[in-house]
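Reading through the structure tokens given below for one structure.
No value in this document is a laboratory result; all are computed from the given coordinates. Computed from a predicted structure; not experimentally measured. Neighbour counts are summed over all protein chains in view; Cβ atoms, including those assigned to glycine, are modelled from backbone coordinates with ideal geometry.
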Amino acid sequence: MEIKPILPFVILSFVGGIYEFVFTFLLRINSVPWFYTYDFLSFFTIQYFFYIILGKERKQWFRVSSLLYFLLFVYLVFSHTMEKYMNNLSYLVSFLTLLILIYALIWFKRVFMEVSLQSLSDSPTFYFVSGFLFYYTGVLVLFLFADAIYKNERPNFQYYWLINLFFNIFHKTLLILGMWKARKEIVN
């Protein structure tokens, strides 16, 4: 069943959307602790997804990358200041993007070497992997320059952030398509 590996990320995305709307938008509560929590949980749900779809033979790689992320995360949280938040976020996103690139390449190589799929468009996993790949590579440059944009173009920052919104909508659309494909497989 191809839906189980992505389920933790789907649940996190759902909870994240509700949290952002209620606590950040309606109640105007400081969202920085939530964003750190979300980034942390997001990393490990994505790590779990790739761990399951790539097979457990790369267990050591997943342990090392998880430990490195955890150490980076702890360091950034303990050295956190509001002025450094955007930079901290860029380091976390860069690390995750690098891993997603590696994992996606391994997955695509495996799919093309095994030739087990008749069509990639029939695979829910293809949509999930493509969504992660598209979103994280698409927003990488934005996150790397977010601090400079925020400091130098503060009045226009929201317009730059629309780039993130576009990639996020596309990512969630691919996630929904993948879930729909997985549901169709379960029904059939």
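See the values below:
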| item | result |
| --- | --- |
| Whole-number D in µm²/s for segment 63-136 (Stokes-Einstein; Kirkwood sum over Cα pairs; 10 °C, 1.306 mPa s) | 111 |
| Selected from F145, F112, F170 as most flexible by GNM, with the chain as the system and alpha-carbon contacts under 10 Å | F112 |
| On Cα atoms only, tilt of 32-54 relative to the major axis of the chain in degrees | 20 |
| Loop-located trypsin sites (Lys or Arg not before Pro) in segment 8-96, at most 11 other Cβ atoms within 10 Å (DSSP) | R28 |
| Net dipole in debye of segment 7-187 [+1 Lys, Arg Cβ; -1 Asp, Glu Cβ; about Cα centre; nearest 20] | 260 |
| Rounded to 10°, Cα long-axis angle of helix 85-114 versus longest principal axis of the chain | 10 |
| Cα-based Rg of the chain normalised by 2.2 N^0.38 Å, two decimals | 1.08 |
| Order of F128, F108 under a 10 Å beta carbon neighbour criterion, fewest first | F108, F128 |
| Ranked list, fewest to most other Cβ atoms within 10 Å of each Cβ, for E114, E153 | E114, E153 |
| Cα long-axis angle, helix 59-78 against the chain (0 to 90 degrees, to the nearest 10) | 10 |
